[in-house]
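Novice: Handing you this structure, nothing more for now.
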């Protein structure tokens, strides 16, 4: 994998992590359940840490000032959470939106790992972060199912 391709891949994962960071923070602002608020805030901090780890990998590649804003699609998803919350969607609706965001994050990390010439050290980092994202996804799904029941 050449530098430009590696930079592009890492920047996409940084964006994904920033999306998760912002999405979890926004969800925490809208839930009524204190456990969910604490869990969402912890996940927001974890995603910020993941983004920082990935940004550190960009520096030796010549990308010392990575874009840290996240994606437009995630901004739209957060606005949708805000809108549904205002309509009285409640915690179950927010959990469903968070799960959808986690589906996107898992897919982005899985795509990155399919890159045939990905450096092994990066693959190890991405696998570790993906494991955490997948665990959070499964926990969010179980919380959503429990609230819906």
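Novice: If you take the square roots of the eigenvalues of the alpha-carbon gyration tensor of the stretch 94-149 and sort them as a ≥ b ≥ c, do you get rounded (a/c under 1.5), prolate (a/b over b/c) or oblate?
Specialist: prolate
Novice: For a label point 7 Å from the Cα of residue 132 along Cα→C-beta, name the residues of the stretch 36-51 whose backbone N is under 16 Å from it.
Specialist: 39-51
Novice: Could you put 110, 53 in order, starting from the residue whose Cβ has the fewest other Cβ atoms within 10 Å?
Specialist: 110, 53
Novice: For each of 26, 145, 121, count neighbouring Cβ atoms within 10 Å of the residue's Cβ, then give the residues from fewest to most.
Specialist: Least crowded to most crowded, the residues run 121, 145, 26.
Novice: May I ask you to derive the relative contact order of the stretch 96-140, considering only C-alpha pairs under 8 Å and at least 6 residues apart, and to give it as an integer percent?
Specialist: So the answer I get is 58 percent.
Only the coordinates and a few stated rules stand behind these numbers; no lab work does. If you're wondering where the values come from, they're calculated on a predicted model, not measured in any experiment. Ideal geometry is used to build each Cβ from the backbone, glycine not excepted, and the neighbour counts take in all protein chains shown.
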